Structures are given as structure tokens and as C-alpha cells.
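A.B. asks: Here you go, one structure.
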Amino acid sequence: MVLGGVEIPHSHGLQGHSDADVAAHALANAILGALGEGDLGRQFPDTDERYRDADSIKLLSSVWTRVVELNWRLANADITILAQRPKLAPYLSAMRRTLAAAIGVEESRLNVKASNPEGLGALGRGEGMAAAAIVLLEK
């Protein structure tokens, strides 16, 4: 399983057209949203075989090039991963480092945290993971 660009040992992986890194996808989607430029599905459609098993960190870096082209910079970003298991606390610092490096920003501008759904719903049963991110860009 890959989350935030970090390989995490776990009995189950995540399924998706790309490597299904929900943390990198959430950050990329939030960046695209802040730019008003759609979402990952429009930029890298799952109908295009070029993106099958794609490295989400590379997709994130590609999205970031648009930020640079438009002369924006990251004020801050906050990512929350919702997962029943595995416990993610030991990996959060590495995710922060990897995601910050992927977009070329100081780690202090990016936060990564995890929350446990406490057994509630599909996520609480361990049937998947979700992530959400918020991004503030500035000129």
C-alpha cells in the first residue's frame, strides 16, 4: 500500500486505476480546485491507459507544474487520511516529507494527519480509505 508516496506494510492494498494513493490524490485534487482547473479525473482520465498503475507522486508533481506556471505558491496545505487500519501515525512524517518534496515546498507548509473512523461505516469496517485536503495558494 502506498500513502503519501510512502510504502506501508499492510495485508491489503488499495485498488484504483493508478497506484490509488488517496493522500496524494487528495492533495492534487485540492490544488486543482484552488486553481479552478477541475480534478485528477479530468487531467488524467482512467480511460487513458497511459495512467494505469501511475505513480501518484508523479501525477501530483505534474499538477504542481501548473501552479508554478501561473506564478502561485503554496501558503499551506492540510491533508486528513481516514483509515481504520493500518495505524498511520508512524508514517505521517515520511508522508509529509515525500509530499512536500514532490511539490518543492518546505515541510512546514504542509500537514498530514490521520483519523480513525472508530468502526463506523465502510471505512470503519476497513473496506477502504479516504482522504481530504485543503490548499491555500497565494501569489
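The values are calculated or read from the model by the stated rules, or taken from the named source; none is laboratory data. A quick note: this is a predicted structure, and the numbers were derived from the prediction, not measured. Every residue, glycine as well, gets a Cβ built from its backbone with ideal geometry; the counts of neighbours run over all protein chains shown. Areas reflect the complete protein model, heavy atoms only, side chains present, ligands, DNA and RNA absent. Shrake-Rupley method; radii C 1.70, N 1.55, O 1.52, S 1.80 Å.
A.B. asks: If you scan segment 90-126, which residues turn out to be surrounded by fewer than 18 Cβ atoms within 10 Å (Cβ to Cβ) and either among the polar types (S, T, N, Q) or closer than 15 Å to GLY5 by Cα (or both)?
C.D. replies: Selection gives PRO90, SER93, ALA94, ARG97, ALA101, GLY104, GLU107, SER108, ASN111, LYS113, SER115, ASN116.
A.B. asks: Now a separate question. Determine whether segment 74-89 contains at least one residue that is in a helix (DSSP H, G or I) and touching a residue at least 40 places away in the same chain (Cβ under 8 Å). Write out each step before concluding.
C.D. replies: Going residue by residue through segment 74-89, those that are in a helix (DSSP H, G or I) are 89.
Filter again for touching a residue at least 40 places away in the same chain (Cβ under 8 Å), leaving none.
The answer is no, given that none of the residues of segment 74-89 is in a helix (DSSP H, G or I) and touching a residue at least 40 places away in the same chain (Cβ under 8 Å).
A.B. asks: Among the residues of segment 29-37, is there at least one that is open to solvent by 30 Å² or more (accessible area, probe 1.4 Å), under 26 Å from HIS10 (Cα atoms), at pLDDT 95 or above and assigned to a helix (DSSP H, G or I)?
C.D. replies: yes
A.B. asks: Something else about it: Can you give me the number of residues within segment 90-139 that are assigned to a helix (DSSP H, G or I) and either within 18 Å of ASP21 (Cβ to Cβ) or not aliphatic (A, V, I, L, M) (or both)? Reasoning before the result, please.
C.D. replies: Pass one, segment 90-139, residues assigned to a helix (DSSP H, G or I): 90-103, 107-109, 121-124.
If we keep only those that are either within 18 Å of ASP21 (Cβ to Cβ) or not aliphatic (A, V, I, L, M) (or both) too, we end up with 90-103, 107-109, 121, 123-124.
Qualifying residue count, segment 90-139: 20.
A.B. asks: Across segment 97-139, what is the number of residues that are more than 11 Å from ALA77 (Cβ to Cβ) and aliphatic (A, V, I, L, M)?
C.D. replies: Adding up the residues that qualify gives 10.
A.B. asks: Specify the residue that is least open to solvent (accessible area, probe 1.4 Å); the eligible residues are those in segment 54-73 that are in a loop (DSSP other than H, G, I, E, B) and under 19 Å from THR98 (Cα atoms).
C.D. replies: Quick first cut of segment 54-73, residues in a loop (DSSP other than H, G, I, E, B) only: 54-55, 70-72.
Pick out the ones that are also under 19 Å from THR98 (Cα atoms) and you get 54-55.
Numbers: ALA54: 14, ASP55: 65 Å².
My answer is ALA54.
A.B. asks: Then there is this: When you scan segment 1-28, how many residues do you find that are modelled with pLDDT of 85 or more and part of a loop (DSSP other than H, G, I, E, B)? Spell out how you get there, then give the answer.
C.D. replies: Our first condition is that a residue be modelled with pLDDT of 85 or more; within segment 1-28, this holds for 1-9, 21-28.
Those left that are additionally part of a loop (DSSP other than H, G, I, E, B): 1, 4-5, 8-9, 21.
Residues that pass the stated criteria total 6.
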